[in-house]
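The values are calculated or read from the model by the stated rules, or taken from the named source; none is laboratory data. These figures come from a predicted structure and were not determined experimentally. When we count neighbours, we look across all protein chains shown, and the Cβ atoms used for this are built from the backbone with ideal geometry, even at glycine. When the accessible area is computed, the model is the full protein with side chains, heavy atoms only, and any ligands, DNA or RNA have been set aside. Shrake-Rupley method; radii C 1.70, N 1.55, O 1.52, S 1.80 Å.
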Amino acid sequence: MILNAAGSAGNYITLTCATRGTCKLTNPVTGNATVVEMNAQYQVLDGFEVTNSGDGNNLGVYVNASNVSITSSNSRAAAL
């Protein structure tokens, strides 16, 4: 999943799992692939489990922007 749309300081673009802990994003690809790629400012990825089931040097979440927040299903946040 590639997220290229940018929000703004007062209006983040938020992708939220409706039922926390049940939304899973998985990468079955072999090689250098990414499950979630966040390429724009002011984005939030909230409540998803991101896993890699393929072989190789795959990335879970690749952040290529500032003002991005990733919140896990157990409510521990990591601001990147």
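Worth pointing out:
- For segment 2-22, the set of residues classified as more than 14 Å from ILE70 (Cα to Cα) and in contact with a strand residue (DSSP E or B) (Cβ under 6 Å, 6 or more places away or on another chain) consists of ILE2, ALA5, GLY7, listed by residue number.
- Evaluation of GLY31 against (1) over 18 Å from ASN4 (Cα atoms); (2) surrounded by 12 or more Cβ atoms within 10 Å (Cβ to Cβ); (3) at pLDDT 70 or above (one fails), failing number: (2)
- Candidates GLY21, GLY7 - the one that is small (Gly, Ala, Ser), open to solvent by less than 50 Å² (accessible area, probe 1.4 Å) and touching a residue at least 40 places away in the same chain (Cβ under 8 Å): GLY21
- Within segment 34-60, the residues that satisfy the criterion of being of a type in the set (Val, Ile, Thr) and at pLDDT 85 or above are VAL36, VAL44.
- Filter result for VAL44 (more than 18 Å from SER69 (Cα to Cα) and either of a type outside the set (D, E, K, R) or exposed (fewer than 13 other Cβ atoms within 10 Å of the Cβ) (or both)): no
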